[in-house]
Amino acid sequence: MLARVLQESRGRQDLALLLQYVLQTTPVKPTDVRQLIEGHLGEAGKEAYMLTGAEQLVEQGRAEGRTEGRTECRAELLLLLLGNRFGPLDAPTQERIRTASFAQLEQWAVRMLTAPTLVDVLR
């Protein structure tokens, strides 16, 4: 059956999606899947398996990029709000905010609502 899938125009991509589903939803080991696919489907199966790994890496990169983008956006917004509330921020404070974690930025954003000074926000 899998050999027939590979004969279709999008066969490798379809097999890669199937393999990705199997790897994500079952306890089967990736090495076992690779050996099975390569043993039964040869070079075409190997290419489909490699495509699955490549797609997972691409998606992982996208997810990391989205997280990084949200953190940068949150930092820039916090810089804007703090600057408006407490006046211009010095370079070390700006750098501290730009390099903070997402969770730390969230803490500071909440504190900013009630803290009387910038020092109190960033404590």
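Of all the residues that make up the range 15-34, how many are more than 19 Å from Gln60 (Cα to Cα), part of a helix (DSSP H, G or I) and not hydrophobic (A, V, I, L, M, F, W, C)?
Of the residues in that region, 3 qualify.
Between a residue in the range 59-72 that is within 21 Å of Gln107 (Cβ to Cβ) and part of a helix (DSSP H, G or I) and any residue that is at pLDDT 75 or above and hydrophobic (A, V, I, L, M, F, W, C), which pairs come within a Cβ distance under 7 Å, given they are 6 or more apart or on different chains?
Arg70/Phe102; Thr71/Phe102; Thr71/Leu105
Of all residues in the range 78-101, which are closer than 25 Å to Thr67 by Cβ and surrounded by 15 or more Cβ atoms within 10 Å (Cβ to Cβ)?
Within the range 78-101, Leu78, Leu79, Leu81, Leu82, Leu89, Thr93, Gln94, Arg96, Ile97, Ala100 meet the criteria.
Quick one: in the range 1-29, of everything that is at pLDDT 75 or above and of a type in the set (Val, Ile, Thr), which residue is nearest to Glu47 (Cα to Cα)?
Val22
The values are calculated or read from the model by the stated rules, or taken from the named source; none is laboratory data. The structure displayed is predicted, hence computed values, not measured ones. Here Cβ is always computed from backbone atoms with ideal geometry, including for glycine, and neighbour counts include all displayed protein chains.
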